[in-house]
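Reviewing the structure listed below.
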Amino acid sequence: MKLSKRTDILPISSIRKLIPLSERAKKKGIKVFHLNMGQPDVKTPQVMIDSLKNWNINPLSYAPSGGTNEYLNALETYYHDLGFLFVNTGNTIGTIAGSEAINMAMFLTCDPGDELLVFEPYYSSYKTSATMFGIKLIPIKTTISSGFHFPSIETIEVSITPKTKAVLYSNPCNPTGTVYTKAEIKLLINLVKKLNLYLISDEVYREYTFVDRPHVSILEYMMEIPDRTILIDSLSKRYNLCGARLGNLVSLNKEIINGALKYAMSRLSGGLIDQHVGSQLVHVPKSYTKEMQKEYEARRDLMFEGLTKIPGINVTKPEGAFYIMAELPVDDAEKFCIWLLTDFQDNQETVMLAPGYGFYSDSSDGKRQVRIAYVLEKDKLKRALEILKIALKEYCHIA
Ligand SMILES: Cc1ncc(COP(=O)(O)O)c(C=O)c1O
C-alpha cells in the first residue's frame, strides 16, 4: 500500500529535522545549546501553574468547539486592555494554539490551487500548512540588507495573479525579527482593499518589540476593512505556555467566524484544562510580559553584537520576536548544522541551529543562512556564541 501523494510532498520542518542528531550527540555526553527552536526558557506565570495544580472538575468533558466562555472572556479582557474594545467573544474563536489558527485562516480563505502571498523568509509551518491544503505560497523576497522590510508596492503587485486570494505575514516576524512600520501595514491594507484580497496577520510575538515605535496590529485597521482581515494569535510565547496549545483567531467577518467554528467542530473541542490554565491570563501582572520583553531585548543585543564580531557572518539587527537570521561564511548551512552535531565539540559542548532553507520556498535561497533563536539565558548565549565562533573557524578550514 502506498500513502497519499500529499504525505510525500509534506515538507519536514528544518527546525526539527536535526533533532535525532542532537539526541545522539547528547547520548555521547555532549551538551547541546539549543538555538534551533522558539521554545523559551522563561517560567510560566505561577497563577497558571497553580490553576493546574488545583484542577478538580470531574468528569473531564469536551469544551465548546469555539472555546470555553472562561477562555473567550479572558481573551476579550486581554484585547480590551490593549484598547481594542470591539474584540469580543462573538468575533473570536479559541484554537489549538496559533498553529491551528493558521490552518483555519488558510483553509477558510483559499481553495486548492489558490495563491497566498507571504514575505520570505517566512515561518516554516506556513509552507507545511499550505501544502496540506493544496495552496500555492507565493514568496515576496525580503533581504538582510533592507532589514527584511517589505519591498515596494510595485514589487509586491508583480506577484499578484487572478488566483491570489490572501496575503499572510507575521509581525514581529519569525524568522527575521522584523517589526513592520505603520506605513508598511498601511501599504498592505491599501493593497487588499484595492485588489479584494484577505489579509492575515500573525501576531504571536506582539509584546516583543525593541524599537521606539509601537507595534502596529491589524486590529487597528479591522473596523476599516472588517470583511477582509484575520488576526492569528497565541498564548505560547506570551505566557510561556507552548505545551498548553492555546491560541485564537479574530475576525469581524461573520462568515469567517462561522467557517472557523465549523472547522473547530471537526475536532470537537480544544483542551478543557488548557483553556482553564490560559484563562488565568487575566491575573497575570502586566509586568510579566514587560520583563520578558526587556530580557529578550538584552539577549537580542548580546546575540547581535556577538554575531557581528564573528568574521564572515552577515546579520541585520532584529527589531522584535526572539530570532535572528544570519548568513554564514559557508556554502551549505545545513551541512554545517549537521557537522556541529556529529563531528564537532568544544569541551564536550556544541550548538544546534536551524538551517535557513526551511524558511524559503526555494531551498537554494536560504542555503547559507541559519535561524538562531535566542531563547537561552545570557550566560548560555555567550558560551553558544563562543562555540559558534570556534566551530566556524574550524569548519571553514576543513570545508
Ligand atoms: C510566527 C508564528 N506563528 C505561529 C506560531 C505557532 O505557535 P503555537 O502553535 O505554539 O501557538 C509560531 C511558533 O513558533 C510562530 O513563530
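Descriptive notes on the structure:
- Residue with peak Gaussian network fluctuation, the chain [Cα springs, cutoff 10 Å], from Ile96, Ile138, Ile49: Ile49
- Look at the alpha carbon pairs under 8 Å that are at least 6 residues apart: their mean separation over the length of the chain gives a relative contact order of 25 percent.
- Rounded if a/c under 1.5, otherwise prolate or oblate - region 154-283, Cα gyration tensor axes: oblate
- Of all aspartates and glutamates in the structure, those lying under 18 Å Cα to Cα from Lys294, and not within fewer than 8 positions of it along the same chain, are Asp41, Glu207, Asp212, Glu305, Glu319, Glu377, Asp379.
- Beta bridges per DSSP, both residues in the chain: antiparallel share near 45 percent.
- Viscosity 1.002 mPa s, temperature 20 °C, Stokes-Einstein D of region 59-283 from Kirkwood C-alpha radius, µm²/s: 121
- Above-threshold pairs, the threshold being 30 Å between Cα atoms, out of Lys127/Lys382; Lys136/Lys378; Lys26/Lys141; Lys31/Lys367; Lys26/Lys389; Lys141/Lys286: Lys127/Lys382; Lys136/Lys378; Lys26/Lys141; Lys141/Lys286
- Approximating the spin labels as points 7 Å out from Cα along Cα→Cβ, the Leu261-to-Lys193 distance works out to 3.0 nm.
- On Cα atoms only, tilt of 69-81 relative to the major axis of the chain in degrees: 70
- Taking a straight line from the alpha carbon of Lys254, these lysines sit under 22 Å away, with near neighbours fewer than eight places off in the same chain left out: Lys165, Lys193, Lys194, Lys262.
- Euclidean distance of C-alpha centroids, region 179-199 and region 290-366, integer Å: 30
- A simple count of charges around Ala25, restricted to other residues whose Cβ falls under 11 Å of its Cβ and scoring Lys, Arg +1 and Asp, Glu -1, yields +2.
- Of all DSSP beta bridges confined to region 59-283, the antiparallel ones make up roughly 30%.
- Against the main long axis of the alpha-carbon atoms of the chain, helix 97-109 sits at an angle near 60°.
- For the chain, the longest principal axis of the alpha carbon atoms and the long axis of helix 182-195 meet at an angle near 60°.
- Just checking the listed ones, Lys182, Lys17, Lys53: in the Gaussian network model of the chain with Cα springs under 10 Å, the one fluctuating most is Lys53.
- Once the Cβ-Cβ distance of Thr77 and Thr181 is raised to the sixth power relative to R0 = 25 Å, the FRET efficiency obtained is 0.30.
- Surface composition of region 59-283: carbon and sulfur atoms hold 57% of the protein heavy-atom accessible area at a 1.4 Å probe.
- Using the Cβ-Cβ distance between Lys26 and Thr308 with R0 = 30 Å, the FRET efficiency computed as 1/(1 + (r/R0)^6) comes to roughly 0.50.
- Loop-located trypsin sites (Lys or Arg not before Pro) in region 225-292, at most 11 other Cβ atoms within 10 Å (DSSP): Arg267, Lys286
- Residue separation of Leu268 and Val282 scaled by 0.36 nm, minus their Cα-Cα distance, works out to 2.5 nm of gained length.
- Listed by chain and number, the aspartates and glutamates placed with their C-alpha closer than 17 angstrom to that of Lys186 are Glu154, Glu157, Asp202, Glu203, Glu220, Glu224, Asp227; residues fewer than eight positions away on the same chain are left out.
- Cβ crowding within 10 Å averaged over residues, with 212-221, 304-313, 55-64 ranked highest first: 212-221, 304-313, 55-64
- When each of the peptides 198-204, 358-364 is scored by the mean number of other C-beta atoms lying within 10 Å of its residues, the order from highest to lowest reads 198-204, 358-364.
- Across region 59-283, the mean sequence separation of Cα contacts (distance under 8 Å, 6 or more residues apart), normalised by length, yields a relative contact order of 31 percent.
- Shape class for region 198-264: oblate, because the ratio a/c of the largest to smallest gyration tensor axis (alpha-carbon atoms, square roots of eigenvalues) is 1.5 or more and b/c is at least a/b.
The values are calculated or read from the model by the stated rules, or taken from the named source; none is laboratory data. What you see is a predicted model; the values in this text were computed from it and never measured. Note that we place each Cβ from the backbone using ideal geometry, even for glycine, and neighbour counts take in every protein chain shown. Keep in mind that these areas ignore ligands, DNA and RNA; they rest on the heavy atoms of the full protein, side chains included. Shrake-Rupley method; radii C 1.70, N 1.55, O 1.52, S 1.80 Å.
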